[in-house]
Amino acid sequence: MARPQDIRVADLGHDTTAVLNLRTGQWVWMDQDTRRIWEASLSGGSALHTLLDTFVTRGHARRQAERAINDTVGTLRGHGLLEEHRPAWRRRRTVWQVISCR
């Protein structure tokens, strides 16, 4: 996942973050856990699995925590705060084979 370029983030204190999607003009308010899920989604790799383990360690049931994380990621995508990360386009080298006929 990647963070869209037209997103602005402001830390409001008291574990609250405000995020503005400039494309839509929509504000999203995040608590500390939502912000951690968002950042883990942007980190990729095993960051979401590590976060899930952290929630389970704090006493949440694994299935409920997994569902909450998946729902939150879906909501963040719906608000345009996450987008599919597309690898940079690389020019493909063309190899020409010359066949000579005699």
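Taken together, the values in this text are just the output of simple stated rules run on the coordinates, not laboratory data. None of the values given here were measured: they were computed from a predicted structure. Backbone-built Cβ (ideal geometry, glycine too); neighbour counts: all protein chains shown.
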Classified through the alpha carbon gyration tensor (a ≥ b ≥ c as square roots of its eigenvalues; rounded if a/c is under 1.5, else prolate when a/b is larger than b/c, else oblate), region 2-54 comes out oblate
Percent RCO, i.e. relative contact order, over region 7-78, from Cα pairs under 8 Å lying at least 6 residues apart
19 percent
Report the chymotrypsin sites (Phe, Trp or Tyr not before Pro) located in region 16-67 that are in a DSSP loop and have at most 14 other Cβ atoms inside 10 Å of their Cβ, or state none.
none
FRET efficiency for A10 and T50 from the Cβ-Cβ distance with R0 = 35 Å, rounded to 0.05, comes out at 0.85
Counting other Cβ atoms within 10 Å of each Cβ, which trypsin sites (Lys or Arg not before Pro) in region 50-83 have at most 15 and sit in a DSSP loop?
R58
